[in-house]
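Trainee: Structure below; questions to follow.
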Amino acid sequence: MNLADTEIVLGILQNKGFDKTDSANDADVVLLNTCSIRENAEQRIYGRLGNYKNLKGSKPDLIVGILGCMAERLRKNLVEKKSIVDLVVGPDEYRRLPELIDLAYNGDKGIGVKLSKTETYDDIIPHREDGLQAWLSVMRGCDKFCTFCVVPFTRGRERSRSLLSTLHEVKQLSVRGFKEITLLGQNVNSYRDGENDFADLLAACAEVDRSIRIRFTTSHPQDLSDKLLLTIAEHPNLCNYIHLPVQSGSDRILELMNRTYTIDHYQNLIEKARKIIPGVSFSTDIIAGFPTETYEDHVMTLDIMRKVRYDGAYMFKYSPREGTKAYRMKDEVSEETKSKRLHEIIDLQQLISYEKNQELLGTEEIVLVEGLSRKSEKFYAGRTDTNKVVIFPKQNEIVKGSYVKVKLNKATHATLFGDFLDSADISTKNLALTA
Ligand code: 5AD
Ligand code: SF4
């Protein structure tokens, strides 16, 4: 999401004649786009600010700005606490950046932290480097108010951009040769543009260019509709991959988190999705050590992981965020217990990922070739539509951005390896399923 926002910011600034530099040493303005979701994300920014302090020492005119959630959360406290910060601009005020930079240049502090009910940056053309993969924001904000989460406070209310402007951008990306587009929103299932819901948007995006794979994130288990599942099954280039954060395996904790579903509901949803989209893969988010989490609650989390057998997971220690409901909950789990539980969760997920990847050996996968493998120029790296990395011997006749068929012969928990079979055409990939 921040990457997509940074591209929007670059689009806005380039319109006003700013250029991007590759090094902070060459810059007149340094902007840090920040995340507040966990304490350590903010700590990293304070570390970075320390580095820019030295640079500002040798370049007194340098403007340093904080963008994004941390700007929204800490507002003018940031300029008061950190004298090196000249600009503080929240996620809905990026259009004012040129004006605020001017202010800072004239010696004032530039602060823009209003949240908007309508801003979607629909008409801004983000600045994207050429490549194969693009992020595309289709909605902003979140109305879910999970009790642990700062996002509804830092990114404001849910709002969707128009279907037409989204399709227009997908077309532009197609012309530029992009091959994988990820539609982004904190809760994409709440997308709405008049009569059109997220399934309609996905279907329309898929039809723009059938050689582009479309992904999306994030889905909330309460809102993932049957229509959406059927739409994914129907369109070959809608990836068979759903990121569906579970957060915890305990109904008691889910209720305290205000997640508005039970584990029963969640499991039924997974089963239904697997019936409608054969071979669909799932990833999830898990939080270890939410306030009052007992050992039994933790075991229930391990249990749901074993039942679902996720292909991947993003796993975090609970991090108290000021202003959220959970912040005021008593009975914090000790740091040591959180760490221990998190490690157990990570170990289990690695084992499951490894086992699931072993089950794929001998099968054929269609892989989008992303380029040379990072470890050896003799190999190509690419990705399956279920988002797994595949390494295979480089073929001179195959170029980056094409689809190939690979037969898998080896796997770790994170990577698949295989032999090249043939080039492939993804627009016919799932025809058997749709017939
Ligand atoms: N502590 C730990 N993890 C969090 N997340 C959100 N807020 C917190 C927090 N306070 C995680 C959730 C969410 C993902 C984006 O970040 O798992 O799905
Ligand atoms: Fe945060 Fe919950 Fe909204 Fe996700 S759905 S952004 S976890 S409040």
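Trainee: Any residue in segment 240-267 that's without any contact (Cβ under 8 Å) to a residue 12 or more places away in the chain: show its pairings with residues that are within 16 Å of ligand 1 (Cβ to nearest atom) and assigned to a loop (DSSP other than H, G, I, E, B) at Cβ separation under 7 Å, as long as the two are six or more apart or on different chains.
Mentor: Matching pairs, first to second residue: LEU254/SER248; LEU254/TYR261.
Trainee: Still on this structure: For segment 231-240, does any single residue satisfy the condition of being within 16 Å of ligand 2 (Cβ to nearest atom), surrounded by fewer than 21 Cβ atoms within 10 Å (Cβ to Cβ) and not hydroxyl-bearing (Ser, Thr, Tyr)?
Mentor: The answer is no, given that none of the residues of segment 231-240 is within 16 Å of ligand 2 (Cβ to nearest atom), surrounded by fewer than 21 Cβ atoms within 10 Å (Cβ to Cβ) and not hydroxyl-bearing (Ser, Thr, Tyr).
Trainee: May I ask you to say which residue of LYS410, LYS400 is over 29 Å from ILE287 (Cα atoms), surrounded by fewer than 20 Cβ atoms within 10 Å (Cβ to Cβ) and in contact with a Gly (Cβ under 6 Å, 6 or more places away or on another chain)?
Mentor: Every option except LYS400 fails the conditions.
Trainee: Give all pairs with beta carbons closer than 9 Å in which a residue from segment 50-64 that is more than 21 Å from ASP102 (Cα to Cα) meets a residue that is of a type outside the set (Val, Ile, Thr) and surrounded by 13 or more Cβ atoms within 10 Å (Cβ to Cβ); count only pairs at least 6 apart in sequence or on separate chains.
Mentor: ASN51/ALA24
Trainee: One residue is enough: does segment 360-381 have a residue meeting the conditions in a helix (DSSP H, G or I), surrounded by 13 or more Cβ atoms within 10 Å (Cβ to Cβ) and out of contact with any Gly (no Cβ under 6 Å at 6 or more places or on another chain)?
Mentor: Among the residues of segment 360-381, not one is in a helix (DSSP H, G or I), surrounded by 13 or more Cβ atoms within 10 Å (Cβ to Cβ) and out of contact with any Gly (no Cβ under 6 Å at 6 or more places or on another chain), which makes the answer no.
Trainee: What pairs come out if I take residues in segment 318-329 that are within 20 Å of GLY156 (Cα to Cα) and near ligand 1 (Cβ under 9 Å from one of its atoms) and pair them with residues that are of a type in the set (Ser, Thr, Tyr) and outside any loop (DSSP other than H, G, I, E, B) whose C-beta lies under 9 Å away, six or more apart or interchain?
Mentor: As it stands, the answer is PRO320/TYR327; ARG321/TYR327, since those pairs meet every condition given.
Trainee: Could you say whether any residue in segment 246-265 is outside any loop (DSSP other than H, G, I, E, B), closer than 18 Å to VAL308 by Cα and within 11 Å of ligand 2 (Cβ to nearest atom)?
Mentor: Taking every residue of segment 246-265 in turn, at least one turns out to be outside any loop (DSSP other than H, G, I, E, B), closer than 18 Å to VAL308 by Cα and within 11 Å of ligand 2 (Cβ to nearest atom).
Trainee: Looking only at residues in segment 291-311 that are under 22 Å from the mean Cα position of the chain (by Cα) and surrounded by 19 or more Cβ atoms within 10 Å (Cβ to Cβ), which one is farthest from ARG215 (Cα to Cα)?
Mentor: Result: MET305.
Trainee: When segment 15-43 is examined, which residues are found to be surrounded by 14 or more Cβ atoms within 10 Å (Cβ to Cβ) and either among the polar types (S, T, N, Q) or out of contact with any strand residue (DSSP E or B) (no Cβ under 8 Å at 6 or more places or on another chain) (or both)?
Mentor: Once the filter is applied, which keeps residues that are surrounded by 14 or more Cβ atoms within 10 Å (Cβ to Cβ) and either among the polar types (S, T, N, Q) or out of contact with any strand residue (DSSP E or B) (no Cβ under 8 Å at 6 or more places or on another chain) (or both), segment 15-43 yields ALA27, ASN33, THR34, SER36, ILE37.
Trainee: Just name the residue that is nearest to SER248 (Cα to Cα) out of those in segment 209-224 that are away from ligand 2 (no atom under 16 Å from the Cβ) and out of contact with any Pro (no Cβ under 8 Å at 6 or more places or on another chain).
Mentor: Per the stated criteria, the residue is ARG215.
Trainee: Given segment 52-170, what helices (runs of 4 or more DSSP H) lie entirely inside it while holding 1 or more residues that are more than 16 Å from ligand 1 (Cβ to nearest atom) and in contact with a strand residue (DSSP E or B) (Cβ under 6 Å, 6 or more places away or on another chain)?
Mentor: In segment 52-170, the matching helices (runs of 4 or more DSSP H) lie at 69-74, 76-81, 97-105.
Trainee: For the list (1) in a helix (DSSP H, G or I); (2) more than 14 Å from HIS127 (Cα to Cα), I need the number of the one condition that GLY11 fails.
Mentor: Of the numbered conditions (1) in a helix (DSSP H, G or I); (2) more than 14 Å from HIS127 (Cα to Cα), the odd one out for GLY11 is (2).
Condition check ((1) assigned to a loop (DSSP other than H, G, I, E, B); (2) not β-branched (Val, Ile, Thr)) across all residues:
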position: ILE181; (1), (2): no, no
position: GLN186; (1), (2): yes, yes
position: LEU202; (1), (2): no, yes
position: SER211; (1), (2): yes, yes
position: HIS220; (1), (2): yes, yes
position: LEU224; (1), (2): yes, yes
position: LYS227; (1), (2): no, yes
position: PRO236; (1), (2): yes, yes
position: ILE242; (1), (2): no, no
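Every number here is computed from the coordinates shown, using simple stated rules; none is lab data. Everything numeric here is computed off the predicted structure, so don't read it as measured data. Reconstructed Cβ throughout: ideal geometry from the backbone, glycine too, with neighbour counts over all protein chains shown.
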